[in-house]
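Data block below; observations after.
The values are calculated or read from the model by the stated rules, or taken from the named source; none is laboratory data. Predicted model only: the values in this text are computed from it and were never measured. Don't worry about glycine lacking a Cβ; one is built from the backbone with ideal geometry, like all the others, and counts go over all protein chains shown.
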Amino acid sequence: MSTASKPSASPAASSLTQPVNGQKADRVFRGVAYACGILILVTLAAVALFLLFRAWPLIGGDQQANSAVIENFTGGKAKSFWGYVGPLLFGTVLVAALALVLAFFVSIGIALFISHYAPKRLAAVLSYIVDILAAIPSVIYGLWGGLVLVPAIYPFWNWIAEYLGWIPLFAGPAANPPRTVATVALVLAIMILPIITSIARDIFLQTPKLLEEAALGLGATKWEMIKLSVLPFGKSGVISASMLGLGRALGETMAVLMILSPGLKYSFKLLQASQNQTIAANIAAQYPEADGIGVSVLIGTGLVLFVITFLVNLLARRITEKAGK
Amino acid sequence: MHTNLARRAFAALCGVALAVAAAACGDNTDPSDRPVSNASSISGSFAGAGASSQQTAVEAWIAGYQKTNPDAKISYNPSGSGAGVVTFLTGATVWAGSDKPLDSAQVEESKQVCSGSTAFDVPVYISPIAIVFNLRGVSDAGKHINMDAATIAKVFNGKITRWNDPTLAKQNPDLDLPDLPITVVHRSDKSGTTLNLLEYLKATAGKDWPYQLSENWPNDVGQGAKGTSGVISTIDQANGTIGYADLSQVGDMGTVAVKVGDEYTEISADAASKAVADSKLDESVPGANRVVLDINHATTEPGAYPIVLVSYDIACPIYRDENTARFAKSWLGYITGKAGQDQAKNATGSAPLPENIAQYVRASIDAIEVK
Amino acid sequence: MTQTNPTGTAHTPTADAAPVIDFDKFKPTRSYTAARKRKDIAMRALIILAFIVALIPLISVLWTTLVRGFRRLNWDFLGHNMTNVIGGNPTPSGGYGGILHAIIGTLEITLGAMLISIPIGVMCAVYLIEYAGGSKLARTIHLLVDVMSGIPSIVAGLFAYSMFAILVGPGTLNGFEGSVALSLLMIPTVVKTTEEMLKIVPNDLREASLALGVTKQRTITKVVLRTALSGIVSGSILAIARVIGETAPLLITAGYIVSTNANLFGGEMTTLPVYVYQEYSKYRANCPADAASGCVTTIPMERAWSAALVLIVIVLVLNLIGRIVAKVFAPKKK
């Protein structure tokens, strides 16, 4: 709305029928639009530059002081910036990837249910429900995850550790309370589920009716029809949706912060506590008590996170673009 | 259509502005207890920032202070000790709360904001740190577990891993300890509480505690949780957990009685005060007027509880602004005085400053120059 | 947008990706047919199961928030801030503090983010669709907008913090800084929805307007944007609903305060999500042994849940409004 009134710098002009010399306004408007487009480029560059600037003491500053700060941060577990950010990065990717694995199949299922199984009227309601899931703020997921899910899910993880403990991933004993990577991944999966679902649903709905009807006409069952026409059609969309979900999970802060018991290891023990930590949650956790170089270190890790999510998102877009051609 | 839209938007904006203006109230003041401002009361807006451990106490102090100085608007940002000191050194805040005293570089740096003088720190908030546990049959029955320093160190270092360990059983002949793994819960963020617990362990059980002092938890035992609340809620959630937290957060959870001298002392504000009273000033710190405590963790004073967090307030002896100086003097005077310490004790369960320390604190605050 | 050719001889370009259907797959032996049927039923069950699985957390989250949040939700809670709230003691008004300051903070910071991002976002979309066509620059910007929508919220917070630290002064914390951080998250959403809406506006309208000698600027503002208005408004509302629940960037940029601060540009501000987190961080309030009977030790968590409930209600109402706007005022398609 605010833009609608913005260009009317010439107050006389308030209706289409009045002849006005709008060339100047035309140029200004065009200039503003152009500037706003460029601003996107500038902003992204500014994000990288400001972060780099604030993180500069890490590279150009006193290395001894840096490693002292990092030692202090980690209780002596890491000494260099890369020694610090390495396990964090590992934890970030591990948690996000797990969340994606958990969310992927469920999302596809829901998307198919909405697009091809549910009755039309129900489908609209269901879409709305999925969108509600997306609208709930992450701090509330954190609250719920930390206070409701954690105590409730222990028997389940314990069961898994007991019966599937021979798989290194599920090596027991399951931590109690389970403030573990597994629980966090589950919450993150719930959070990215609607993102993947809504994109997948839209793309499934776009499957040409002709293809579907052709498959059905040949006597295919509904599932075969989906397998033969809908899924191949939506493949690239689904992949890019997953990448977006992954990007979201990589950057999620509050839920991880409020649930996970952090650690700095390269470890795959999903059911044990104090194994991994994510970059975003680490920033939020250490930020309040950080000063000077400490803030620089955290901003440095933030820059790493920025680069990673940037690449993941870029890749996602590239995939869609390629498939769109 | 267009002007109509603009008018409507304008009206909406006005509505919001009005709502905002009216909403400047909402303060929880007692209408029947309207404080009267007298000539000597302080007015203006003053900001502090720093240790989050002090947050609840500062909120109580602000409420108490405003009873006599209703025109003083005070805010405190619990941004953390480090951030609080940095903000203070830029001159943006009147005082800083910090879980650790200034280092010498910071004292030197403070000359810029303190008109050439150096900043000083005084202890304002002494919080006993409880070793809390959740053990069905013991903690919910309101019983304490006895531990000496070496036992605590071994538990937190993962050397004692089960509740029915003979070391524990020997010290607690009356308790029926179950065969259950011990889950240690510690702070995952940087914290003065951690540092003070580690200082205690290092001072009294150095043999069983091989780590360096740090505000971060040094080993991989058990689980980490963010903040005191994280620790407490984690302990709440599972049977067999043990951790540490400020007394104010403990509620009705089980606490460990710590061996001091030949007896086991249960945690209480007064017991913590006793331990602080038995401590000395750290005279080695540079700068004038500073009251830095060297807590005697190895105290053998009967009835003293030696695991305490001492949080300081950092202020200038000279402020550029006269009004700020008057505020700083009266504010610090209030919070370290009896009324302020009692207020904090009520709100947070903190230990009042013992008299032998309080006299030094008063002397330092008196040094704030007011014309 | 998919259009199928009525003769059925040609598909949309995207349909080229469809596989060649292998007719051998459909040889009808009886056991094979039965197996296919079984598989069909199994997949149907799995798909429905997936949906039910997703419903469990949703219901649990909403139910918990509702039940736990309702206990302390009253006018006193909505009409007070957190000044003079000491431990678990009741305040003079009989309540236990409230969220007035957080609601005001949320509204102002979000309004600030809105005022920054909606004009920029809409104009950027106008540039991309109306002016740039398919130029290389436009394609790059389009791609980067997509990428920007994936910026982690905490990075946006760090960016705003760094920017204000460098431009204004170290340690600057105020509401507007929060607005800047949020607008970084909001702009891509606004650009994308506006782009979608501008694409739908029929070209006939533009051409008709231009043919009448109306300048391009006036064609865009009076015809194109007006036609797309409902979509832009609803998209913006959904974008607001998305950022209003952000916590991490505001923890870093907007600070925390217990009293009401109505000045967006000076002083720290509390928002609802930050309030929820801060109350969660208190977890338990102290009640001295001689405290009055009204002293509640669990009050911080009760406040956190109540604030969470208010937040959910705000977000859901915004969502609903956005949807209604989109539906009721949608441009009539031919």
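Identify, from the list B:Ala363, B:Ala339, B:Ala325, B:Ala344, the residue that is in a helix (DSSP H, G or I) and buried (at least 23 other Cβ atoms within 10 Å of the Cβ).
On the way: B:Ala363 fails: buried (at least 23 other Cβ atoms within 10 Å of the Cβ); B:Ala339 fails: buried (at least 23 other Cβ atoms within 10 Å of the Cβ); B:Ala325 fails: buried (at least 23 other Cβ atoms within 10 Å of the Cβ).
Sole residue among the options that is in a helix (DSSP H, G or I) and buried (at least 23 other Cβ atoms within 10 Å of the Cβ): B:Ala344.
To keep it simple, each residue is scored yes or no on (1) more than 14 Å from chain C (Cβ to nearest Cβ); (2) out of contact with any Pro (no Cβ under 9 Å at 6 or more places or on another chain).
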position	(1), (2)
B:Thr193	no, yes
B:Asn196	yes, yes
B:Gly206	yes, yes
B:Val221	yes, yes
B:Gly224	yes, no
B:Gly230	no, yes
B:Gly240	yes, no
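Look at B:Thr87 and say whether it is in contact (Cβ under 8 Å) with a residue 12 or more places away in the chain, polar (S, T, N, Q), touching a helix residue (DSSP H, G or I) at 6+ places or on another chain (Cβ under 9 Å) and on the phi < 0 side of the Ramachandran plot. If you could, list the steps in order and put the result at the bottom.
Details: in contact (Cβ under 8 Å) with a residue 12 or more places away in the chain: yes; polar (S, T, N, Q): yes; touching a helix residue (DSSP H, G or I) at 6+ places or on another chain (Cβ under 9 Å): no; on the phi < 0 side of the Ramachandran plot: yes.
In short, no.
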Checklist entry - Hey, any hits in segment C:316-329 for a residue that's touching a residue at least 24 places away in the same chain (Cβ under 8 Å), surrounded by fewer than 24 Cβ atoms within 10 Å (Cβ to Cβ) and more than 20 Å from the chain's Cα centre (by Cα)? => result yes
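For residues that are part of a loop (DSSP other than H, G, I, E, B) and of a type in the set (Ser, Thr, Tyr), scanning just segment C:101-158, find the one that is nearest to C:Arg206 (Cα to Cα). It would help to see each step written out before you state the result.
First pass over segment C:101-158, keeping only residues part of a loop (DSSP other than H, G, I, E, B): C:132-135, C:149-152.
Restricting the remaining residues to those that are of a type in the set (Ser, Thr, Tyr) gives C:135, C:149.
Values: C:Ser135: 20, C:Ser149: 30 Å.
Filtering segment C:101-158 for residues that are part of a loop (DSSP other than H, G, I, E, B) and of a type in the set (Ser, Thr, Tyr), the one nearest to C:Arg206 (Cα to Cα) comes out as C:Ser135.
Residues that are closer than 30 Å to C:Ile151 by Cβ and more than 10 Å from every other protein chain (Cβ to nearest Cβ): which helices (runs of 4 or more DSSP H) entirely in segment C:243-334 hold 1 or more of them? Lay out the reasoning, then the answer.
Working: elements: C:248-253, C:272-282, C:299-328.
Ranges flagged: C:248-253, C:299-328.
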Checklist entry - Out of all the residues in segment B:230-241, is one or more in the same structural domain as B:Val260 (by the TED database), part of a loop (DSSP other than H, G, I, E, B) and in contact with a helix residue (DSSP H, G or I) (Cβ under 9 Å, 6 or more places away or on another chain)? => result yes
Checklist outcome for this item: If we ask which residues in segment B:251-264 are surrounded by fewer than 22 Cβ atoms within 10 Å (Cβ to Cβ) and free of Cβ contacts under 8 Å to residues at least 60 places away in the same chain, their number turns out to be 4
Checklist entry - Is it the case that C:Ser179 is farther than 14 Å from A:Ile40 by Cβ, more than 25 Å from the chain's Cα centre (by Cα) and more than 8 Å from chain A (Cβ to nearest Cβ)? => result no
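Which residues, counting only those in segment B:151-169, are of a type in the set (D, E, K, R) and without any contact (Cβ under 8 Å) to a residue 24 or more places away in the chain?
Initially, segment B:151-169 is screened for residues of a type in the set (D, E, K, R), giving B:154, B:159, B:162, B:165.
Passing the criteria: B:Arg162, B:Asp165.
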Checklist entry - Does B:Glu283 satisfy the condition of being charged (D, E, K, R), assigned to a loop (DSSP other than H, G, I, E, B), surrounded by fewer than 17 Cβ atoms within 10 Å (Cβ to Cβ) and free of Cβ contacts under 8 Å to residues at least 24 places away in the same chain? => result yes
Checklist entry - Quick one: in segment B:317-354, which of the residues that are in contact with a strand residue (DSSP E or B) (Cβ under 8 Å, 6 or more places away or on another chain) and among the hydrophobic types (A, V, I, L, M, F, W, C) is farthest from B:Asp99 (Cα to Cα)? => result B:Phe327
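Evaluate the following for B:Thr118: is it at pLDDT below 90, β-branched (Val, Ile, Thr) and outside the structural domain of B:Gly261 (by the TED database)?
Details: at pLDDT below 90: no; β-branched (Val, Ile, Thr): yes; outside the structural domain of B:Gly261 (by the TED database): yes.
Answer is no for this residue.
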Item to check | Leading residue by the ranking (nearest to the other protein chains (Cβ to nearest Cβ)) among those in segment A:56-70 that are outside any helix (DSSP H, G or I) and modelled with pLDDT under 85 | outcome: A:Asp62
Checklist outcome for this item: By residue number, the members of segment A:36-78 that are of a type in the set (Gly, Ala, Ser) and within 29 Å of the chain's Cα centre (by Cα) are A:Gly37, A:Ala45, A:Ala46, A:Ala48, A:Ala55, A:Ala78
Checklist entry - Restricting attention to segment A:268-325, which residues are within 14 Å of chain B (Cβ to nearest Cβ) and either of a type in the set (Lys, Arg) or outside any helix (DSSP H, G or I) (or both)? => result A:Lys269, A:Leu271, A:Gln272, A:Ala273, A:Ser274, A:Gln275, A:Asn276, A:Gln277, A:Thr278, A:Ala290, A:Asp291, A:Gly292
Checklist entry - Quick one: what pairs do we get from segment A:195-219, first residue within 11 Å of another protein chain (Cβ to nearest Cβ) and on the phi > 0 side of the Ramachandran plot, second in a helix (DSSP H, G or I) and surrounded by fewer than 20 Cβ atoms within 10 Å (Cβ to Cβ), C-beta under 8 Å, 6+ apart or different chains? => result A:Gly219/C:Phe26
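Name the single residue, out of those in segment B:294-307 being surrounded by 19 or more Cβ atoms within 10 Å (Cβ to Cβ) and at pLDDT below 90, that is nearest to B:Asp103 (Cα to Cα). Break it down into steps so the answer makes sense when it comes.
The first filter runs over segment B:294-307 and keeps only residues surrounded by 19 or more Cβ atoms within 10 Å (Cβ to Cβ), leaving B:295, B:297, B:299, B:304-307.
Next cut, at pLDDT below 90 only: B:295, B:297, B:299.
Values: B:Ile295: 17, B:His297: 22, B:Thr299: 26 Å.
Within segment B:294-307, the match that is nearest to B:Asp103 (Cα to Cα) is B:Ile295.
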Checklist outcome for this item: Subset of segment C:35-76, residues buried (at least 20 other Cβ atoms within 10 Å of the Cβ) and of a type in the set (A, V, I, L, M, F, W, C), comes to C:Ile47, C:Ala50, C:Phe51, C:Ala54, C:Val61, C:Leu73
Item to check | Scope segment A:231-258; condition touching a residue at least 60 places away in the same chain (Cβ under 8 Å), buried (at least 24 other Cβ atoms within 10 Å of the Cβ) and touching a Leu at 6+ places or on another chain (Cβ under 8 Å); matching residues | outcome: A:Gly245, A:Leu246, A:Ala249, A:Leu250, A:Glu252, A:Ala255, A:Val256, A:Met258
Item to check | Yes/no for A:Pro288 being in contact with a strand residue (DSSP E or B) (Cβ under 6 Å, 6 or more places away or on another chain) and under 30 Å from A:Gly61 (Cα atoms) | outcome: no
Checklist entry - Can you pull out the helices (runs of 4 or more DSSP H) entirely within segment B:54-120 that have at least 2 residues that are within 14 Å of chain A (Cβ to nearest Cβ), of a type in the set (Val, Ile, Thr) and under 13 Å from B:Ile314 (Cα atoms)? => result B:81-90
Item to check | Residues located in segment C:285-299, provided they are crowded, with 24+ Cβ neighbours inside 10 Å and not hydrophobic (A, V, I, L, M, F, W, C) | outcome: C:Asn286
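Restricting to segment C:26-61, give me the number of residues that are more than 16 Å from A:Trp223 (Cα to Cα) and either in a loop (DSSP other than H, G, I, E, B) or more than 8 Å from every other protein chain (Cβ to nearest Cβ) (or both).
As a first pass, look at segment C:26-61 and keep what is more than 16 Å from A:Trp223 (Cα to Cα): C:27-31, C:51-61.
Those still in the list that are either in a loop (DSSP other than H, G, I, E, B) or more than 8 Å from every other protein chain (Cβ to nearest Cβ) (or both) too: C:27-31, C:52, C:56, C:59.
Total meeting the criteria: 8.
Among A:Phe90, A:Phe53, A:Phe73, which is the only one that is closer than 23 Å to A:Thr278 by Cβ, part of a helix (DSSP H, G or I), aromatic (Phe, Trp, Tyr) and within 10 Å of another protein chain (Cβ to nearest Cβ)?
The unique qualifying residue is A:Phe73.
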Checklist entry - Filtering segment A:76-87 down to residues that are in a loop (DSSP other than H, G, I, E, B) and surrounded by fewer than 18 Cβ atoms within 10 Å (Cβ to Cβ), which residue is nearest to the other protein chains (Cβ to nearest Cβ)? => result A:Gly76
Next on the checklist: So, in segment C:123-143, how many residues would count as being within 16 Å of A:Arg317 (Cα to Cα) and buried (at least 22 other Cβ atoms within 10 Å of the Cβ)?
Outcome noted: 2
